[in-house]
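These notes concern the structure reproduced below.
The values are calculated or read from the model by the stated rules, or taken from the named source; none is laboratory data. Remember, it's a predicted structure, so these values are computed and weren't measured experimentally. Here the Cβ positions follow ideal geometry from the backbone for every residue, glycine too, while neighbour counts run over all protein chains shown. Just the protein is used for accessible areas: all its heavy atoms, side chains included, with ligands, DNA and RNA removed. Shrake-Rupley method; radii C 1.70, N 1.55, O 1.52, S 1.80 Å.
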Amino acid sequence: MNTNSSYSTSAGSALLEPWSGPFGGVPPFDRVRVEDFPPALEAAMAENLAEIEAIATSPEAPTFENTLAALERSGRALERVSTVYDVWSSAMSSPAFQAVEREMAPKLAAFADRITQNEALFRRIESVYTSPEKAALTPEQQRLVWRTYTAFVRAGAKLGAQAKARLSEINQRLAELYTRFGQNVLADETEQMLVLGDEADLAGLPEPLRAAARAAAESKGLPGKWAITNTRSSVDPFLTYSERRDLRERVWRMFVERGDRGGAHDNKAIITEILKRRAERARLLGYPTHAHWRLEDSMAKTPDRAMELMRSVWRPAVERVREEVADMQALAEREGAGISIEPWDYRFYMERVRKERYDLDQNEVKPYLQLEKLREAMFWVAGELFGYAFAPVEVPVYHPDVRVWEVSDRATGKHVGLFYFDPYAREGKRSGAWMNAYRNQEHFAGEVATIVSNNANFVKGLPGELVLISWDDASTLFHEFGHALHGLASDVSYPSLSGTAVARDYVEFPSQLLEHWLSTPEVLQKFAVHYQTGEPMPRELAERIERAATFNQGFATVEFLASALMDMELHLAGEQEIDPTAFEKETLSALGMPREIVMRHRTPHFLHVFDGDGYSAGYYSYLWADVLTADGFAAFTEAGGPYDAEIAQRLREHVFSVGNTVDAAEGYRAFRGREARVEALMKKRGFPVPHAAD
Ligand SMILES: [Zn+2]
C-alpha cells in the first residue's frame with residue numbers, strides 16, 4: 001500500500017489551505033507533520049511560479065496594478081507554508097526535520113532566483129519604475145515600486161545570463177551551507193552539557209539555578225543529578241555564581257567552542273566557503289565586497305560609516321574594561337585568590353565587584369523578577385503607550401508551552417492582532433530570543449491583522465515552580481516584545497512594507513527602545529514583586545539598580561563590538577581563502593582585544609552571520625540602533641517622562657506604525673524633530689561624552 005503519497009497529498013494540503021478558525025484564520029499548528037513539508041512547499045512554489053508567469057506574460061501594458069499590486073497579491077500559499085516551516089526550523093527541530101531542511105534549503109534558494117531572474121517580469125517592474133505615471137501613485141505605492149525594483153536589481157536582475165546562472169548556483173550552495181552551519185551549532189548546544197553529580201560541584205549556585213539544573217538533568221534522563229546545558233541562559237548564570245573555578249573553565253570552554261570542536265559538527269570549513277562565495281557573489285553584482293552590498297540597503301549605507309561608529313565606541317569601551325579588570329583583580333588579591341582574571345572569571349568577579357561597590361546582588365534582584373509578572377508588565381506598558389489590551393485565547397499551538405493572546409484596542413475594542421509566546425528552552429529549539437511575524441498586517445488584500453510571536457530560552461523550573469529570571473533576561477523579554485509591538489502597531493497597505501520589514505540597522509530601534517520601560521518606577525512598583533511575599537521591589541533597591549546601570553558597560557560593549565567588528569572585517573576581506581581561526585586571532589590582536597574577554601559570538605557559532613544572510617555584515621546594527629534608542633528615549637525624559645502621551649503618539653505615528661513605507665532616517669527625524677546624536681549613547685553606557693562638533 002502506497003501510504004506515502006496519499007498522506008502527503010491530504011496532510012500537505014493542510015499546510016497549503018488558507019488558514020481557518022477565528023481572527024481571520026490562525027496557523028494550523030495542530031495539523032503539522034514533518035513529512036508534509038516537502039510536498040506542501042513544492043506545491044506552493046509551483047503555484048507561485050504560475051502566478052509570476054501570468055504577471056510576467058500579461059498582454060496588457062505594465063501598470064502598478066497589474067504588476068506591483070499583482071506581485072503583492074501572489075505567493076500567499078508559499079507564505080503560509082514557509083511560516084510554519086520556519087517555526088519548525090527554529091523551535092521544533094528534530095533529526096527528521098533537519099533532513100527535510102537540508103533537502104529544501106537549496107530548492108527554496110533556487111526558487112527565489114527564478115523570480116528575481118525572470119526577465120519579462122523585471123522589464124515590467126522597470127517599466128513601472130521609470131514611467132512618468134509613477135508620480136500619480138500614492139507615496140506608499142511609489143515606495144513599493146522603488147523597493148521592489150531595487151530588490152530585483154540588488155539580486156542580480158540586470159546581469160547577463162551567464163552571471164545569473166552562476167549567481168543562482170552560489171545562492172543554492174550558500175543555502176545548503178547556512179543550513180549545515182545552524183544545524184552544527186544546534187547539535188553542539190544539544191549534545192554538549194556538564195553533568196554534575198555531587199553537591200560540592202554546586203558551590204555558590206543560588207537555589208533557583210540548582211532547581212533549573214536538576215530539572216534539566218531530569219529531562220535528559222539523569223534524575224538526581226544536575227545538568228548545565230550548553231545555552232546562554234544556563235551558561236551565563238553558572239559563570240556568574242559558581243565558586244568552582246575549574247568547573248567555570250569547563251563550562252566556558254564548552255560554550256565558546258560550539259562549532260569549533262573538530263569532527264562532524266565543526267563549522268570552520270563551512271565559514272571559509274561561505275565567505276568565499278559571498279565575496280564572489282558581491283563581485284558578480286558589482287560591489288567591492290559583501291559588506292558593501294549588504295550595507296547599501298541599510299541606514300548606515302556604507303561599511304565606512306558603520307566602522308566609524310564602532311571604532312569611536314571601541315576605544316572608550318576598552319579603556320573601561322581595563323578599569324573593570326583592575327577592580328576585579330584587586331578584589332581577587334584582597335581575598336588571596338592568587339589568580340589573574342581569565343575569561344571564565346569575568347562574570348564571577350564582576351558580580352562580586354557589583355555587590356561590593358553598589359551593594360547590589362543579582363540574587364537580591366531575581367526574587368522580584370517573575371517571568372509571568374514581567375509578561376504582565378510588558379502588556380501593561382503596551383497599554384500605556386499604545387492603548388492595547390491583551391486577552392488569552394485558545395488556538396492551536398505547536399507545543400504545550402506556547403500561549404496566545406488576542407491584542408485589541410482598549411478604546412475601540414477593535415482587533416489588533418494575535419501574540420504567541422513561547423518562553424522556554426527545550427531540545428530542538430535554537431538558543432537566543434527572537435520575534436516572528438506569522439502573518440503581516442495589511443489593508444491591501446482586505447483588512448488583514450497581524451500575528452506575531454516572541455520566543456525565548458528561559459530555563460523552566462520543575463512543574464509548579466515559578467520561573468524567576470535575571471535582569472538581563474528581563475531586558476531581553478522587553479526587547480523582543482518591542483519587535484512584537486513594531487509588528488502589532490503596523491498600519492500600512494502593502495504586506496511587503498509591513499511591520500518589521502525595515503532596514504536591518506533600524507529594526508533594532510523599536511526593540512531596544514522598549515527595554516527602557518523595564519526600569520521605569522511604574523513597572524517596578526506594580527510588577528517587580530517578590531515571588532514569596534508579593535511585596536514590590538523596595539525603592540532603595542530600584543535606586544541601587546539605577547546607580548549600577550553603567551556598571552560593566554566596558555565588558556558588555558567590548559564583548560559585543562568584538563563580534564560586530566569581526567563580522568565586518570570578515571566581509572570586507574574579499575575573495576581570499578579565510579582560515580577562521582587565524583583571521584579571528586589576527587583581527588582581535590590588531591584591535592587590541594582585552595585578553596580577559598571573549599567575543600559574544602565567536603566565528604564558528606556566529607548564527608547571526610552564518611545561518612543566513614540576515615545579519616551578515618550587519619551585527620553592528622545593534623549599536624547603530626542603540627544610538628537611536630538612547631537619543632529617542634531622551635525625547636521622553638526631556639518631555640513628561642517615559643509615559644508622556646504626546647511623545648508616545650509621535651513614536652507610534654512616525655516609527656511603530658509606518659513599517660517600511662517611509663525612509664528610516666526620515667521617520668526618525670519626524671519623531672525626534674532632528675537627527676540622532678551619539679551623545680546619549682555614550683552617556684547611557686557611562687563613557688566620556690565627545691564634543692558635539694557637528
Ligand atoms: Zn532584536
Inset, instruction - Within the stretch 600-613, count every residue that is in a loop (DSSP other than H, G, I, E, B) and either closer than 14 Å to Asp260 by Cα or open to solvent by 40 Å² or more (accessible area, probe 1.4 Å) (or both). - result: 5
Inset, instruction - Identify the residue in the stretch 316-362 that is of a type outside the set (A, V, I, L, M) and in contact with a Gly (Cβ under 9 Å, 6 or more places away or on another chain) and, among all such residues, is surrounded by the most Cβ atoms within 10 Å (Cβ to Cβ). - result: Glu324
Legend entry - Exclusive hit being in contact (Cβ under 8 Å) with a residue 24 or more places away in the chain and on the phi > 0 side of the Ramachandran plot, set Ala630, Ala617, Ala549: Ala617
Legend entry - Subset of the stretch 503-519 (residues that are within 13 Å of the ligand (Cβ to nearest atom), more than 30 Å from Arg544 (Cα to Cα) and of a type in the set (A, V, I, L, M, F, W, C)): Val507
Inset, instruction - Looking only at the stretch 578-585, decide whether some residue is buried (at least 18 other Cβ atoms within 10 Å of the Cβ) and without any contact (Cβ under 8 Å) to a residue 60 or more places away in the chain. - result: yes
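This table checks each residue for (1) charged (D, E, K, R); (2) under 15 Å from Tyr398 (Cα atoms); (3) at pLDDT below 95.
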site	(1), (2), (3)
Thr57	no, no, no
Ala61	no, no, no
Phe64	no, no, no
Ala69	no, no, no
Glu79	yes, no, no
Met92	no, yes, no
Ala96	no, no, no
Inset, instruction - Output the number of the condition that Ser90 fails; it satisfies all remaining conditions of (1) under 20 Å from Tyr438 (Cβ atoms); (2) in contact with a helix residue (DSSP H, G or I) (Cβ under 7 Å, 6 or more places away or on another chain); (3) of a type in the set (Ser, Thr, Tyr). - result: (2)
Legend entry - Test for Arg426: is it modelled with pLDDT under 95, basic (Lys, Arg), open to solvent by 20 Å² or more (accessible area, probe 1.4 Å) and within 16 Å of the ligand (Cβ to nearest atom): no
Inset, instruction - Could you tell me whether any residue of the stretch 520-541 is in contact with a Ser or Thr (Cβ under 9 Å, 6 or more places away or on another chain) and either within 16 Å of the ligand (Cβ to nearest atom) or more than 27 Å from Thr302 (Cα to Cα) (or both)? - result: no
Legend entry - Members of the stretch 621-653 found to be closer than 15 Å to Ala489 by Cα and open to solvent by less than 50 Å² (accessible area, probe 1.4 Å), listed by number: Ala648, Leu651
Legend entry - Yes/no for Ala227 being outside any helix (DSSP H, G or I) and either surrounded by fewer than 22 Cβ atoms within 10 Å (Cβ to Cβ) or of a type in the set (A, V, I, L, M) (or both): yes
Legend entry - Where Lys355 falls short, out of the listed (1) touching a residue at least 24 places away in the same chain (Cβ under 8 Å); (2) part of a helix (DSSP H, G or I): (1)
Inset, instruction - Can you work out which of the residues in the stretch 444-502 that are open to solvent by 10 Å² or more (accessible area, probe 1.4 Å), of a type in the set (S, T, N, Q) and within 12 Å of the ligand (Cβ to nearest atom) is farthest from the chain's Cα centre (by Cα)? - result: Ser475
Inset, instruction - Give the number of residues within the stretch 171-190 that are aromatic (Phe, Trp, Tyr) and open to solvent by less than 20 Å² (accessible area, probe 1.4 Å). - result: 1
Inset, instruction - Evaluate the following for Leu561: is it away from the ligand (no atom under 16 Å from the Cβ), of a type outside the set (Gly, Ala, Ser), within 28 Å of Tyr178 (Cα to Cα) and assigned to a helix (DSSP H, G or I)? - result: yes
Inset, instruction - Run Pro423 past the list (1) in a helix (DSSP H, G or I); (2) without any contact (Cβ under 8 Å) to a residue 60 or more places away in the chain and report the number of the one that doesn't hold. - result: (1)
Inset, instruction - For the stretch 122-141, indicate whether the set of residues that are closer than 30 Å to Trp88 by Cβ, part of a helix (DSSP H, G or I), open to solvent by 40 Å² or more (accessible area, probe 1.4 Å) and modelled with pLDDT of 95 or more is non-empty. - result: no
